[in-house]
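Any read-out appearing in this document is the output of simple, stated calculations on the displayed coordinates, not a laboratory observation. Remember, predicted model here, so these are calculated numbers, not experimental data. Neighbour counts are summed over all protein chains in view; Cβ atoms, including those assigned to glycine, are modelled from backbone coordinates with ideal geometry.
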Amino acid sequence: MLAAYAVHVEHSRGRRFPEPPHPYRNDFQRDRDRVIHARAFRRLEAKTQVFTRRYSDHFRNRLTHTLEVSQVSRTIAGALGLNVDLTEALALVHDIGHPPFGHAGEKALDAAMREHGLFFDHNLHALRIVEDFEQRYAAFRGLNLTFEVREGIIKHSHDYSVREHPELAEYLLDQCPPLEAQLIDLTDEIAYNTADLDDGYEAHLLSLDQVREGIPAFESFYREVEQIYPDAPDKLKFNEALKRVLNRFVGDLITNTQARLQQAGIKTLDDVRHHHERLAAFSPAVEAERKQSKHFLYENLYYSPSLAVEKDDAERVVKELFTFWMDHPEALPHNYRDKVEKKEDPLPRVICDYIAGMTDNFIFEQYEKHCGGLR
């Protein structure tokens, strides 16, 4: 049973190009399946989350991270009476616009674009992917996703203004997104705040003492675990404590969002959309713990000297390839050259689109081919 404030699929604003109903899947389930079958989704398997495969095949990549976000999101949506199908589709598509090399690649691509008065935004790029780049149907370009999924792609983690982005006016930018979309940015943080601690510890870039000292919530649970499993190996104690941290984030997001909905008198989806702020949120205490965990990861893992060389290499590869194709657009694949020649997009945007779609492996191949490789 869905709550009255959930998105009900029968009230969807529909697709850009109308399609007949499917005999046994609703529209949000079809959107989920279209995302899963998209080429851009498959490429996430070979895009860095935090660690490249130089460390190990066991660490998260962008695809496995996405699956973890989906699992957490489905759990929370179900507990809140939200539309689980829509939530799952949004979780699966939320990172589809990320370029290779994780945040280092995104930073370098945005910097390259800004030299030409443009910018790169992975949410807006994701919308371009599902609206234009994915070509699987004879009747239309893109995946022809429902309005609610397209809206959630751009609004799940950022508020855009019509003044700065008039091209997005159809997406109700003056309104809050539905709760299904509001969840995604928070479940994304739950997933990577816990998973990156796990991978950092496995990679021996974070010590147990560091984590215990730097994250009081983890330390509290670790002490509890030591009382229950005094003879367990440290790694298993670590796992048990981290599991409890994840459960704390998830449980708090459910109960605090429920409380905020009640306090605000939310009854309908329109109430959600017209509320003065987003309603999905952690409690103040757990929000402070989330910020503390995130700060710890930036200080001790993401900016770790052990990862600095790979980040520098990633930024150099993106920057130099971008410059190469600006100087030699004839070296672009023919379908990208055609876009430039037909003036569908300016050259920097075409190059940006090409690079953003690459996997880590493929961009290294292109760098070897055109720039001589890393030395």
- Fully extended, how many nm does the chain gain between residue 128 and residue 292 (0.36 nm per residue separation, minus their Cα-Cα distance)? 55.6 nm
- Message: Using Cα springs under 10 Å in a Gaussian network model of the chain, which residue among 286, 162, 35 shows the largest mean-square fluctuation?
- Response: 162
- Query: Between their Cα atoms, which of 235/291; 291/311; 47/319 are more than 20 Å away from each other?
  - Reply: 235/291; 291/311
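Starting with the highest mean, order 74-86, 203-215 by the number of other Cβ atoms within 10 Å, averaged over the residues of each peptide.
Those peptides, ordered most packed to least, come out 74-86, 203-215.
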- Message: At 20 °C and a viscosity of 1.002 mPa s, what translational diffusion coefficient does Stokes-Einstein give for the range 1-110, taking Rh as the Kirkwood radius over Cα pairs? Give it in µm²/s as a whole number.
- Response: 137 µm²/s
- Give the long-range amide H neighbours of residue 146: residues separated by 5 or more places, or on another chain, with amide H under 5 Å away, using H modelled in the peptide plane at 1.01 Å from N. none
- Message: What Kirkwood Rh does the range 217-307 have if only Cα atoms enter the pairwise 1/r average? Answer in Å.
- Response: 15.6 Å
- Scan around residue 173 for amide H atoms under 5 Å from its own, H built in the peptide plane at 1.01 Å from N, and keep only partners 5 or more places away or cross-chain. none
- Message: Using 0.36 nm times the number of residues separating residue 111 and residue 223, minus their current alpha carbon distance, what extension gain do you get?
- Response: 35.9 nm
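What percentage of all Cα-Cα pairs in the range 274-313 are separated by more than 14 Å?
Percent of Cα pairs beyond 14 Å in the range 274-313: 63.
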- Please work out the ratio of the alpha-carbon Rg of the chain to 2.2 N^0.38 Å and round it to two decimals. 1.04
- Note on the structure: Among the Cα-Cα pairs of the range 261-372, the proportion with separation greater than 23 Å, in percent, is 58 percent
- Assuming a ≥ b ≥ c are the square roots of the Cα gyration tensor eigenvalues, decide whether the range 153-214 counts as rounded (a/c under 1.5), prolate (otherwise, with a/b larger than b/c) or oblate. prolate
- Which percent of the Cα-Cα distances in the range 98-240 go past 22 Å? 59 percent
